Number of protein chains: 2
Amino acid sequence: MIQVLLLVQPKKRQLEKLTKIFPQVVFTTDPSSASTAEIVLGWRAELKEVFLQNSNLKWVQAQSAGVDYLPLKEFANKKILLTNASGLHSRYIAETVTGYILLENRGLRKIIQHPGEWFEPEVLESREQTALIFGTGKIGREIGRYCRFLGMQVWGVNRHGMDDSLSDVFDHVITLADYQKLSKQLEINFLISVLPGTKATAGFFDQKMLQQCQPGYTLINVGRGSAVKERDLLNLLKIDYLRSAYLDVFEHEPLSKDSILWHHPRVFATPHISGLLPHFRQELFPLFSDNLNRYLTNRSLRNLVDLSAGY
Amino acid sequence: MIQVLLLVQPKKRQLEKLTKIFPQVVFTTDPSSASTAEIVLGWRAELKEVFLQNSNLKWVQAQSAGVDYLPLKEFANKKILLTNASGLHSRYIAETVTGYILLENRGLRKIIQHPGEWFEPEVLESREQTALIFGTGKIGREIGRYCRFLGMQVWGVNRHGMDDSLSDVFDHVITLADYQKLSKQLEINFLISVLPGTKATAGFFDQKMLQQCQPGYTLINVGRGSAVKERDLLNLLKIDYLRSAYLDVFEHEPLSKDSILWHHPRVFATPHISGLLPHFRQELFPLFSDNLNRYLTNRSLRNLVDLSAGY
C-alpha cells in the first residue's frame, strides 16, 4: 500500500472521493506519518528533518506556486520529486495587481491616506500606460491579460524572450540579460515583478536595476520579497525616482509591525495575500488527484519543479 | 455675431482651434458676459440669476454627466437647451467601480483599516458573483462590461427593461417598477447605483428598497447621493444586513469632515471622484465643438437633456 500524508486538511467529501478513486492508496492526515509516507501534500517546516530522514519519501506536492521555503537541494540529492500549485493562484494575483493599478490610477491611494478630506486627486489614463512584467509564466501572462483589458501596453521580461504562447498578451518581450544591459532607460508606468525567490533573483532589483526604467513609475511586487532590495527601494522613493510602490512580499515576513513600509506615504503594503484563493481546497485537490493518478501510472507529473532553478 | 461664454478654461491651442473653425462666433472667458451670451460651456452657481435674466441665452453645455445642480425648471420655462457631457466619464467610473470591487473581493478594505497587521483576510470569488446595476445608460453599460470581464453575472435595472443594445453586457434587465414589487429577494453581491439625481430617484434606496436584495451584499453608489437614504444605509450596516458600502456621492457634499461615513469600518468613502478624467479639456472641447457645429447648422444636439426627466 502507498501511504499519502495530507497536510492540507481535506473536506469529508474530498477525502471520500480520493479514497474511492485510489483504492490502492492509504490516505492519512496524521503528521506522525511524516517518517513513513511516500507522498506528501503540503509541508510543515517543523517536520523538515523527519521528512528528510524518511527514505520512503518520493514526491512532495506543494500547496503554493513559489517553493523557496522548501529544502530544494536536499530534495535533489535524495531524488524527491517536487510539484507546485502553479496556475491555481494566477487569476487572483492578477485581480490583486489590477486592484493596485486602479488604486493608483484613480487617485484612491491618496484618498485612503487622507480620510475626511474633500479634494480632487490626480488621476492617470490607463490607456496611455505601459506595464513591464518580470516573469511571463502563468501568473505574468494572466496579469498581462488584465492590463491589456485596461488598455495598457504590456511588455514582458523572462529568460528566453518572446515566443508564440506569449504574443497574444505581450507587445514586446525581452530577456533578463537584455534588461541588465539596456542602452536606454525604458519608459514605463508600472514595473510588476512576479519573479520567484531563487538564487538568480535574490536582490535583482537594486538601485541600478530599478533605474533601468525612467523615473516616475510605480513598482508592484507580488513575486518574492528577496528580489527587491528594500533599502534601495526606499532611497528611490526618497529622491522621488519612484512614484509609488505596492508590495505584497518582503525581505522578511511577516513584515514587522513598526516597519516604515506599512506607513510610508507612497507605499501600499499588504500581508502576502495577492494569491489567496476563495476556495483553496476545492481547487488544490483536483490538481493533486490528477497528479496522483499520473504518479501511480508512471506518467510525468504536472507542475514539476526544476530543483536547480528553484521554480 | 454669436457670443459663447467658456466657463471651462480652454488651452491656448483649443481656443485657437475653435476660433478658426467658427469664424462667425465670438468666444469669451469673461464671466461678465453671462448677461449677454447665447451659449455657455460650463456653469457657475453664483451666476445663476444673471443667466436666467439673460434673454439671449439659448443653450448650456454642461461639463458633467449629471445635471441635478442646474435650474432645470427655469431652463424649460425659458426654452433654454441643455446638453450634458454623458459618455466622457463612463470608462473612468467603470475603472473606479472595478477598483472598489477588487478592494472588497481581495480583502484589501480590511487590510487598509488594519495597517501593520499580518493576517489573511477573507477573499471572494468574482466568478461566482452577480452585480445588479441601476441605470443602463453609457455609464451602467461600461461598468457592466468591466464586471463581465471579471467573470461576474451582470443584471440591470432601468425604466424600460431589456433591449438589443443591452444584451451584449447584461444577462437580465428588469424595470424599476419590477424591482419595487419583487415577490422574492434578489441574490446579488454588488448593488451598483449610477442613478441620476432627479425627483424620481430622490430617496429611492430606503430601508425597504435596499432589502429587496438578500442580506450580505455590498452597495456601491457612483450616481447621486440623493438616491440613497444615508440613515437607512447606516441602519442596515449596523444590523449586518449590508456587508459593506463604497460611496462616492452623498446627501450633502462636500461630506463633512466628521461624518461617520469617512470612518465607518465597513464604509469606503471617496470625495466624488469616480468620473474624474485625466485629460478633461482634451475630451470636453471636441464634444462641445461638434455640438456647436450642430447648433449653428440647426441640427439636433448630442446629449440633449430631457428637462422634465432631469437627465
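Database remark: amide H of B:Ala269 closer than 5 angstrom to the amide H of B:Leu247 (H placed geometrically; neighbours at sequence offset of 5 or more, or on other chains; Pro and chain starts carry no H).
Under Stokes-Einstein, with the Kirkwood radius over Cα pairs standing in for Rh, what whole-number D in µm²/s applies to the range A:90-269 at 10 °C and 1.306 mPa s? Kindly include the intermediate steps, with their values, before the conclusion.
On the way: Rh = 16.5 Å.
The diffusion coefficient I find is 96 µm²/s.
Over the Cα atoms of chain A, the radius of gyration divided by the Kirkwood radius equals 1.01; this is the Rg/Rh ratio. Within straight-line reach of B:Lys73, meaning a Cα separation under 24 Å, sit the following lysines at least 8 residues removed in sequence or on another chain: B:Lys48, B:Lys58, B:Lys199. Positive-end ranking of B:Val228, B:Leu108, B:Leu247 along the dipole of the range B:90-269, with charges on Cβ about the Cα centre, is headed by B:Val228. Using bins of 5 Å that start at zero, the share of Cα-Cα pairs per bin across the range A:6-140 amounts to 2, 8, 13, 14, 12, 10, 9, 7, 7, 7, 6, 3, 1, 0, in whole %. Could you sort the residues of the range B:260-305 by number and keep only those whose accessible area is reduced by 20 Å² or more in the all-protein-chain setting relative to the chain alone, 1.4 Å probe? So the qualifying set is B:Trp262, B:His263, B:Phe268, B:Pro271, B:Ile273, B:Leu276, B:Pro278, B:His279.
Roll a 1.4 angstrom probe over the protein heavy atoms and tell me the percent of accessible area of the protein assembly as shown that is carbon or sulfur.
So the carbon and sulfur contribution to the accessible surface is 50 percent.
Sequence-ordered 3J(HN,Hα) estimates for the range B:251-263 from the Karplus curve with 6.51, -1.76 and 1.60 and θ = phi - 60° stand at 4, 10, 10, x, 4, 5, 4, 9, 5, 4, 5, 6, 10 Hz, glycine and proline given as x.
What the Cβ-Cβ distance of B:Phe280 and A:Asp171 gives, at R0 = 30 Å and to the nearest 0.05, is a FRET efficiency of 0.60. Remark: spin-label model distance B:Asn235-A:Thr28 equals 5.9 nm, labels positioned 7 Å along the Cα→Cβ axis.
Throw me the Rg/Rh for the range B:124-167, computed over C-alpha atoms with Kirkwood Rh, two decimals. Write out the running numbers ahead of the final one.
Values: Rg = 10.4 Å, Rh = 10.6 Å.
My calculation of the ratio gives 0.97.
Ranking B:Thr201, A:Phe205, B:Phe170 by Cα position along the charge dipole of the protein assembly as shown, where only Lys, Arg, Asp and Glu carry charges on their C-beta atoms, puts B:Phe170 farthest toward the positive end. Across the protein assembly as shown, Cα-Cα pairs farther apart than 48 Å form 24% of the total.
Distant-in-sequence amide contacts of B:Leu242, defined by a placed amide H-H separation under 5 Å and a gap of 5 or more residues or a different chain, comprise B:Gly216, B:Leu237. When each pair of different Cα atoms in the range B:215-265 is counted once in the 1/r mean, what is the Kirkwood radius in angstroms, to one decimal? About 11.3 Å, per the Kirkwood formula over Cα pairs. Heavy atoms of chains A and B lose about 4400 Å² of accessible surface on contact, summed over both sides with a 1.4 Å probe.
Roughly speaking, what % of Cα-Cα pairs in the range B:95-145 are separated by over 17 Å, rounded to a whole number? Mind showing how you got there, number by number?
Working: 588 of 1275 pairs.
Every Cα pair in the range B:95-145 considered, those over 17 Å come to 46 percent.
Rolling a 1.4 Å probe across all protein chains gives A:His89 an accessible area of roughly 30 Å². Distances between every pair of Cα atoms in the range B:226-311, grouped in 10 Å steps from 0 to the bin holding the largest one, split as 14, 29, 23, 20, 11, 2 percent.
Please compute the average number of Cβ atoms from other chains found within 10 Å of each residue's Cβ in peptide B:92-104. Show your work: numbers first, answer last.
Values: counts 5, 1, 0, 10, 6, 2, 8, 11, 4, 4, 10, 5, 1.
Other-chain Cβ atoms within 10 Å of each residue's Cβ, averaged: 5.
Once you charge only the Cβ atoms, +1 for Lys and Arg and -1 for Asp and Glu, what is the size of the charge dipole of the protein assembly as shown about its Cα centre, to the nearest 20 debye?
Working: 72 positive and 64 negative charges, 123 e Å.
Result for the protein assembly as shown is approximately 600 debye, rounded to the nearest 20.
Can you compute the charge dipole magnitude of the range A:1-69 about its Cα centre, using +1 on each Lys and Arg Cβ and -1 on each Asp and Glu Cβ, nothing else charged? Give it in debye, rounded to the nearest 20. Before the final figure, lay out each step's value.
Numbers: 8 positive and 6 negative charges, 79 e Å.
Once rounded to the nearest 20, the dipole reads 380 debye.
Shown for B:Ala309: label points 7 Å from Cα along the beta-carbon vector, and their distances to the equivalent points in the other copies, 5.8 nm in ascending order. Applying the Karplus relation 6.51 cos²θ - 1.76 cosθ + 1.60 with θ = phi - 60° to the range B:45-59 yields 3J(HN,Hα) values of 4, 6, 9, 3, 5, 4, 4, 6, 8, 8, 6, 7, 5, 10, 8 Hz, where x marks Gly and Pro.
Ignoring trypsin sites (Lys or Arg not before Pro) that are buried or in helix or strand per DSSP, and keeping those with at most 13 other beta carbon atoms within 10 Å, what is the longest stretch of chain A between them?
On the way: sites that count: A:Lys11, A:Arg44, A:Lys79, A:Arg159, A:Lys181, A:Lys184, A:Lys199, A:Lys257, A:Arg299.
Longest gap between qualifying sites, sites excluded: A:80-158.
Once the 1.4 Å probe is applied to the protein heavy atoms, the range B:24-142 comes out at 38 Å² accessible per residue. The 3J(HN,Hα) values that the Karplus relation (6.51, -1.76, 1.60; θ = phi - 60°) gives for the range A:124-139 are, in residue order, 10, 8, 3, 5, 9, 9, 10, 9, 10, 9, 8, x, 10, x, 4, 5 Hz. Gly and Pro appear as x.
Note on B:Ile174: accessible area approximately 40 square angstrom, rounded to 10, probe 1.4 Å, nucleic acids and ligands left out.
Identify, among A:Val97, A:Leu57, A:Ala269, the residue whose Cα sits farthest towards the positive end of the charge dipole of chain A, taking +1 on the Cβ of Lys and Arg and -1 on the Cβ of Asp and Glu, with the dipole about the Cα centre. So the residue we want is A:Leu57. Its alpha carbons give the range A:160-213 an Rg and a Dmax of 12.1, 33 Å. For a Förster distance of 30 Å, can you work out the FRET efficiency between the beta-carbons of B:His114 and A:Ala200, rounded to the nearest 0.05? It comes to 0.30.
The values are calculated or read from the model by the stated rules, or taken from the named source; none is laboratory data. Only a predicted model underlies this, so the values are computations on that prediction, with no experimental measurement involved. Note: ideal-geometry Cβ built from the backbone for every residue, glycine included; neighbour counts use all protein chains shown. Calculation scope for accessible area: heavy atoms of the full protein, side chains included, ligands and nucleic acids excluded. Shrake-Rupley method; radii C 1.70, N 1.55, O 1.52, S 1.80 Å.
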